[in-house]
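> The following block contains the structure, expressed as structure tokens.
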Amino acid sequence: MIAAIEERAHRILVQSPGAVVNYRLRRDVLRQAPDAHELHDARKKLQTSATIQAVRAAQWADGSWGAFHSKATKRKQPIPTTEIGVERALALGLDASHGVLEQAAAYIVDVMEGRRSFPDHQERNDRWQTGMRLFLAATLARMQPANPLLATDRALWHTIAQRTFQSGTYRAEDEIAAHRELTGATVKESYLVLNGRYQLTLLGSQPGLLSTKLENALLQWLWARPAGIGYLGIPLSEPPPDQPGEVDRWLASLELLARSFPGWVQVAQPAIDWLWAQQNAARLWDFGPRPASIANLPLSDSWRRKDQRVFDWSTRVLTLLRSYSDPVASAVQSVCKETLNEH
């Protein structure tokens with residue numbers, strides 16, 4: 001499978017894709033070494049990308065993009081929130097060492113440590129303080145997962161997860177009781193339920209934080225949920241509708257699981273099979289016009305040429321397929337070695 005993935009990546013690269021696609025394919029699909037000449041050159045060329053320049057231009061002097069979480073603002077700006085600014089920068093291949101994300105991380109740290117105020121309108125309910133802290137911590141964890149400032153937040157949500165799944169499966173009453181004691185928040189059917197993208201991002205930002213038993217229980221529950229992951233709102237256990245926005249949210253859900261929980265490969269085989277079946281005649285992927293969400297697409301500077309659109313969708317799919325294939329291949333190799341040792 002890895003050979004087929006890399007062959008498709010090379011087929012795109014010989015067609016001179018844009019700077020972001022070129023870099024993402026080399027880093028995330030071909031897994032070229034950090035000191036490889038080709039990857040080094042591709043990273044330098046990122047600065048020529050109009051999409052990256054737009055992210056930088058929209059960033060405020062304080063390192064934010066204005067509002068943090070809420071899009072309910074009268075300001076008309078290309079990137080509506082700091083959350084989306086960070087997500088967009090990461091999707092375009094930037095990492096924590098890039099100036100855009102260094103400034104964003106510093107801003108979030110300032111808010112978490114009280115040197116700046118949280119910019120959004122404060123809700124008048126018992127969830128707000130917990131939710132605000134969660135939004136900040138999860139966004140920081142995307143850039144600086146080892147930041148010591150996250151330890152307390154991560155420990156809190158780990159404890160909530162342990163108590164919620166203490167029976168071996170998800171129990172809403174156990175989750176409600178955990179919040180009653182630990183946060184004081186009314187959590188039932190709210191964005192604080194553990195299927196939320198922020199909770200999952202934070203819990204998955206430290207390798208090995210969850211026990212195998214807890215991770216598997218969490219993944220089985222998420223996979224069976226009709227509404228999938230909170231804020232993405234699409235079921236994981238069945239193919240998405242044939243609409244760009246639905247496919248975008250479905251892919252984003254799988255991408256979150258892939259970067260957060262190694263055990264996702266145990267539940268994702270049907271999704272992976274479906275993705276392979278969606279190849280076009282050129283053995284690439286095209287799920288149509290750009291979705292309304294700007295976080296993950298486009299990667300190329302323009303979709304006026306249809307091949308650029310194909311390259312962008314294909315880069316996302318190939319990255320996901322590679323994330324799935326590496327641990328599966330390692331597991332197969334381990335089984336083979338054990339079998340040889342037995343004989």
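The values are calculated or read from the model by the stated rules, or taken from the named source; none is laboratory data. Owing to the predicted nature of the structure, the values given are computational and were not obtained by experimental measurement. Please note: Cβ atoms are built from the backbone with ideal geometry, for glycine as well, and neighbour counts cover all protein chains shown.
> Show me the helices (runs of 4 or more DSSP H) entirely contained within segment 117-199 in which 3 or more residues are more than 26 Å from K213 (Cβ to Cβ) and without any contact (Cβ under 8 Å) to a residue 60 or more places away in the chain.
128-143
> Identify all residues within segment 22-64 that are among the hydrophobic types (A, V, I, L, M, F, W, C), more than 27 Å from L318 (Cα to Cα) and touching a residue at least 24 places away in the same chain (Cβ under 8 Å); write none if there are none. Walk me through how you get there before you give the answer.
The initial filter retains those residues of segment 22-64 that are among the hydrophobic types (A, V, I, L, M, F, W, C), namely 25, 29-30, 33, 36, 39, 42, 46, 50, 52, 54-55, 57-58, 60-61.
Adding the requirement that they be more than 27 Å from L318 (Cα to Cα) leaves 57-58, 60-61.
Passing the criteria: only A58.
> Taking segment 291-306 on its own, how many of its residues are farther than 17 Å from S323 by Cβ, buried (at least 16 other Cβ atoms within 10 Å of the Cβ) and of a type outside the set (A, V, I, L, M)?
So the count comes out to 6.
> Mind listing whichever residues of segment 172-183 are buried (at least 18 other Cβ atoms within 10 Å of the Cβ) and of a type outside the set (A, V, I, L, M, F, W, C)?
Initially, segment 172-183 is screened for residues buried (at least 18 other Cβ atoms within 10 Å of the Cβ), giving 175, 178-179, 183.
Across segment 172-183, the qualifying residues are E175, H179, T183.
> Further question on the same structure: Suppose we filter segment 246-279 for residues that are without any contact (Cβ under 8 Å) to a residue 24 or more places away in the chain, over 16 Å from S325 (Cα atoms) and either of a type in the set (D, E, K, R) or not assigned by TED's automatic domain parsing to the domain that holds I2 (or both); how many remain?
Selection size over segment 246-279: 2.
> Does Q77 satisfy being assigned to a loop (DSSP other than H, G, I, E, B), under 28 Å from K188 (Cα atoms) and at pLDDT below 95? Don't jump to the end; show me each part of the working.
Details: assigned to a loop (DSSP other than H, G, I, E, B): yes; under 28 Å from K188 (Cα atoms): no; at pLDDT below 95: yes.
No, not satisfied.
> Can you tell me which residue in segment 43-58 is surrounded by the fewest Cβ atoms within 10 Å (Cβ to Cβ), limited to those that are of a type in the set (K, R) and under 21 Å from the mean Cα position of the chain (by Cα)?
Going residue by residue through segment 43-58, those that are of a type in the set (K, R) are 43-45, 56.
Now narrow it down to the ones that are under 21 Å from the mean Cα position of the chain (by Cα): 43, 56.
Numbers: R43: 19, R56: 15.
My answer is R56.
> Further, regarding this structure: With the requirement that a residue be more than 18 Å from the chain's Cα centre (by Cα), over 17 Å from M132 (Cα atoms), buried (at least 16 other Cβ atoms within 10 Å of the Cβ) and small (G, A, S), what does segment 59-95 give you?
Result: G63, single match.
> In this structure, does D301 turn out to be farther than 20 Å from G204 by Cα, charged (D, E, K, R) and not assigned by TED's automatic domain parsing to the domain that holds I5? Break it down into steps so the answer makes sense when it comes.
Values: farther than 20 Å from G204 by Cα: yes; charged (D, E, K, R): yes; not assigned by TED's automatic domain parsing to the domain that holds I5: no.
When the stated conditions are applied, D301 does not pass them.
> Also, I was wondering about something else. From the list T169, T186, which residue is loosely packed, with under 14 Cβ neighbours inside 10 Å and either of a type in the set (G, A, S) or over 30 Å from Q103 (Cβ atoms) (or both)? Even if it seems obvious, please write down each step before you answer.
On the way: T186 fails: loosely packed, with under 14 Cβ neighbours inside 10 Å.
One residue alone meets the criteria, T169.
> Hey, any hits in segment 37-48 for a residue that's touching a Phe, Trp or Tyr at 6+ places or on another chain (Cβ under 8 Å), part of a loop (DSSP other than H, G, I, E, B) and under 24 Å from P17 (Cα atoms)?
Step one: of segment 37-48, the residues touching a Phe, Trp or Tyr at 6+ places or on another chain (Cβ under 8 Å) are 39, 42-43, 45-46.
Keeping just the survivors that are part of a loop (DSSP other than H, G, I, E, B) gives none.
No - not one qualifying residue is present in segment 37-48.
> Name the pairs: first residue in segment 4-17 and more than 16 Å from Q32 (Cα to Cα), second residue in a helix (DSSP H, G or I), Cβ to Cβ under 6 Å, at least 6 apart or on different chains?
P17/F311
> For a quick check of your reading of the model, give me the residue pairs whose first member lies in segment 300-316 and is among the hydrophobic types (A, V, I, L, M, F, W, C), whose second is in a helix (DSSP H, G or I), with beta-carbon atoms closer than 6 Å and at least 6 apart or on different chains.
Hits for this filter: W303/R309; F311/I12; F311/V21.
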